[in-house]
1. Looking only at the range 248-256, decide whether some residue is in a helix (DSSP H, G or I) and either among the hydroxyl-bearing types (Ser, Thr, Tyr) or over 18 Å from Thr186 (Cα atoms) (or both).
2. When the residues of the range 13-36 are narrowed to those that are surrounded by 20 or more Cβ atoms within 10 Å (Cβ to Cβ) and of a type in the set (S, T, N, Q), which ends up farthest from the ligand (Cβ to nearest atom)?
3. Quick one: would you say Gly171 is small (Gly, Ala, Ser), more than 24 Å from Ala102 (Cα to Cα) and either touching a strand residue (DSSP E or B) at 6+ places or on another chain (Cβ under 8 Å) or more than 16 Å from the ligand (Cβ to nearest atom) (or both)?
4. Residues to consider are Gly144, Gly161; find the one that is closer than 24 Å to Arg97 by Cα, part of a loop (DSSP other than H, G, I, E, B) and small (Gly, Ala, Ser).
5. Output yes when any residue across the range 141-161 is closer than 19 Å to Tyr254 by Cα and either at pLDDT 95 or above or in contact with a Pro (Cβ under 9 Å, 6 or more places away or on another chain) (or both), and no when none is.
6. So, of the residues in the range 141-168 that are of a type in the set (Asp, Glu) and more than 16 Å from the ligand (Cβ to nearest atom), which turns out to be farthest from Arg9 (Cα to Cα)?
7. Within the range 130-151, how many residues turn out to be small (Gly, Ala, Ser), within 24 Å of Phe246 (Cβ to Cβ) and surrounded by fewer than 24 Cβ atoms within 10 Å (Cβ to Cβ)?
8. Scan the range 152-164 for residues that are surrounded by fewer than 20 Cβ atoms within 10 Å (Cβ to Cβ) and on the phi < 0 side of the Ramachandran plot and jot them down.
Amino acid sequence: MRYEGTIYRPPGEWRSYLLQVTVGCSHNTCTFCNMYKDKRFHIRPMDEILEDIRMARRYYGDVRRVFLCDGDAIVMKTEDLLTILKALHDAFPSLERVTTYAGPLSTLSKTPQELEALRRAGLARAYLGVETGSDALLAAIHKGVDARQMLRAGEMLRQAGMDLWVMVLIGLAGRGEPSRRHAEDTAALINRMKPRHLSALTYTSVPDTPMYEDILAGRFVPVTPAEALEETRVLLEKLTVEPLHFTSDHPSNYVTLKGGLPEDRSALLGQIDAALRGERPVRSERSRVL
Ligand code: SF4
């Protein structure tokens, strides 16, 4: 109930009670992201977190969904997370699921047994920012892991029984051939990771980030709307994991796409082609936000 700084959550968590267990992002170096740049990362004291849960119970009554903020609750000690999950289930008898962003490095620091214990205690879904399947791009954006480590983190979350939701970033490689390679490498990684959900966001320049400075200096040239759609097209064509809930309906995306793979692949590709022909509206640059 008490929050420090701006709070972010995945779009699908709009009905969730947002419980801030950490402040900021434990990694906080990705070159495209300024979400938590104004926050010094720390883990909130346990007594404050438990007090927030009691306040939420009094204010909201029983809730069914909880999202643990901020950037990466998995970084907390497993025993502390288990304490929080138990307190949530005690406070909210109708609680169906608790979800969180999961940083790849934090995930890799856990054992499979710890992740399984968290899943059994109610941590039902993890959102993993994969961004790209390209080793070179992961290094360039300072993600902190390579593609092999990202794959392992995703596999660990999935094998622990969590509902794995990954995010990738269209346009991250810039224009030309790197754009296509980024889409192909990303699809290849996702096909091995086998998440249940994938959200394809589109890179949008954000002031006060290294990538923004690169754009101003001419070192990075963002894709055009048509190139972003072509890249999304390649990604959709190359994704073979099924079933996959595919969304590209974030305010950063030029065109809203949503469907299940493989059954909706042709329709989604048709929607992209319609937008490329100018038969579907494309979101204006001014109204896009990451
Ligand atoms: S993209 Fe995610 S991991 Fe990277 S700095 Fe932003 S919040 Fe942290």
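1. Going residue by residue through the range 248-256, those that are in a helix (DSSP H, G or I) are none.
Checked against the condition, which is being in a helix (DSSP H, G or I) and either among the hydroxyl-bearing types (Ser, Thr, Tyr) or over 18 Å from Thr186 (Cα atoms) (or both), the range 248-256 yields no hits at all.
2. Checked the range 13-36; the qualifying residue farthest from the ligand (Cβ to nearest atom) is Gln20.
3. On the way: small (Gly, Ala, Ser): yes; more than 24 Å from Ala102 (Cα to Cα): no; either touching a strand residue (DSSP E or B) at 6+ places or on another chain (Cβ under 8 Å) or more than 16 Å from the ligand (Cβ to nearest atom) (or both): yes.
Considered against the rule, which asks whether it is small (Gly, Ala, Ser), more than 24 Å from Ala102 (Cα to Cα) and either touching a strand residue (DSSP E or B) at 6+ places or on another chain (Cβ under 8 Å) or more than 16 Å from the ligand (Cβ to nearest atom) (or both), Gly171 comes out as no.
4. It is Gly161.
5. Initial filter on the range 141-161 (closer than 19 Å to Tyr254 by Cα): none.
Checked the range 141-161: no residue is closer than 19 Å to Tyr254 by Cα and either at pLDDT 95 or above or in contact with a Pro (Cβ under 9 Å, 6 or more places away or on another chain) (or both).
6. By that ranking, first place goes to Glu155.
7. Qualifying residue count, the range 130-151: 2.
8. Scanning the range 152-164 gives Arg152, Glu155, Arg158, Gln159, Asp163.
The values are calculated or read from the model by the stated rules, or taken from the named source; none is laboratory data. None of the values given here were measured: they were computed from a predicted structure. Methodologically, a virtual Cβ is constructed for each residue, glycine included, from the backbone with ideal geometry; neighbour enumeration extends over all protein chains shown.
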